[in-house]
Amino acid sequence: MKMVDVGQKAHTERVAVATALLRMRPATARAVKAGKVAKGNVLEAARLAAVMAAKRTPDLVPLCHPLALTAVSPELSFGKDGLRIQVTVKTTDRTGVEMEALTACAAAGLTAYDMLKSMDRGMVLESLQLEEKSGGRSGTWRRSRGR
């Protein structure tokens, strides 16, 4: 195993967007929306966890390059199935930020799960996936529908 040498790559703007879904009971979602969770504001804690996790990704994922992130933007919303998590991560560096966006989504979902588990142990964190990335030698990639 080795960390890939990116020393000869150019610094370019790179962006990645990842998503995840924390599936939960409707009553659990209502409690979050109403601010009736004993541990506090679930959405704010999940947003903070996303930012912190993106910044610490190289400490969690072996062989992942440390990067100077320029933005981490978590967006949380409720859909019919539960909490939808989307995180956009940006840098101007020599390698992409896909792992940072994915790690941020996972941490946001896990934080929400931790805060809500006393109400709903049956929650499921699922569909963690890269939606799109841009920048670098490989250019732009977007997830196609149904994939």
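The values are calculated or read from the model by the stated rules, or taken from the named source; none is laboratory data. The model shown is predicted, which means the values in this text are computed figures rather than measured ones. Methodologically, a virtual Cβ is constructed for each residue, glycine included, from the backbone with ideal geometry; neighbour enumeration extends over all protein chains shown.
For the stretch 108-126, which residues satisfy the criterion of being of a type outside the set (A, V, I, L, M) and part of a helix (DSSP H, G or I)? Of everything in the stretch 108-126, those that are of a type outside the set (A, V, I, L, M) and part of a helix (DSSP H, G or I) turn out to be GLY109, THR111, TYR113, ASP114. With respect to the conditions (1) of a type outside the set (A, V, I, L, M); (2) part of a loop (DSSP other than H, G, I, E, B); (3) touching a residue at least 24 places away in the same chain (Cβ under 8 Å), THR88 falls short on a single one, namely (2). Do we find a residue being within 15 Å of ALA18 (Cα to Cα) and in a loop (DSSP other than H, G, I, E, B) anywhere in the stretch 95-107? Scanning the stretch 95-107, I find at least one residue that is within 15 Å of ALA18 (Cα to Cα) and in a loop (DSSP other than H, G, I, E, B), so the answer is yes. Just to be sure before I move on: is LEU63 assigned to a loop (DSSP other than H, G, I, E, B) and surrounded by fewer than 16 Cβ atoms within 10 Å (Cβ to Cβ) in the structure I sent? For LEU63, the condition - assigned to a loop (DSSP other than H, G, I, E, B) and surrounded by fewer than 16 Cβ atoms within 10 Å (Cβ to Cβ) - is met. Taken together, the criteria place ASP114 among residues that are at pLDDT 95 or above, of a type in the set (D, E, K, R) and over 14 Å from ALA18 (Cα atoms).
For the stretch 127-140, the set of residues classified as surrounded by 14 or more Cβ atoms within 10 Å (Cβ to Cβ) and either assigned to a loop (DSSP other than H, G, I, E, B) or free of Cβ contacts under 8 Å to residues at least 40 places away in the same chain (or both) consists of GLY135, GLY136, listed by residue number.
What do you reckon, is MET119 closer than 30 Å to ALA34 by Cβ, more than 19 Å from the chain's Cα centre (by Cα) and at pLDDT 95 or above? Taking the combined requirement at face value, the residue satisfies it.
Scanning the stretch 11-37 for residues that are touching a helix residue (DSSP H, G or I) at 6+ places or on another chain (Cβ under 6 Å) and either assigned to a loop (DSSP other than H, G, I, E, B) or more than 17 Å from ILE85 (Cβ to Cβ) (or both) returns a single hit, VAL37.
For the stretch 96-126, a residue qualifies if it is in contact with a Lys or Arg (Cβ under 9 Å, 6 or more places away or on another chain), more than 19 Å from VAL51 (Cα to Cα) and either surrounded by 14 or more Cβ atoms within 10 Å (Cβ to Cβ) or of a type outside the set (Asp, Glu) (or both), and the qualifying residues are LEU116, SER118, MET119, ASP120, GLY122, MET123, VAL124. When we screen VAL37, VAL97, VAL32, VAL61 for residues that are among the hydrophobic types (A, V, I, L, M, F, W, C) and either without any contact (Cβ under 8 Å) to a residue 12 or more places away in the chain or under 19 Å from TRP141 (Cα atoms) (or both), the only hit is VAL97.
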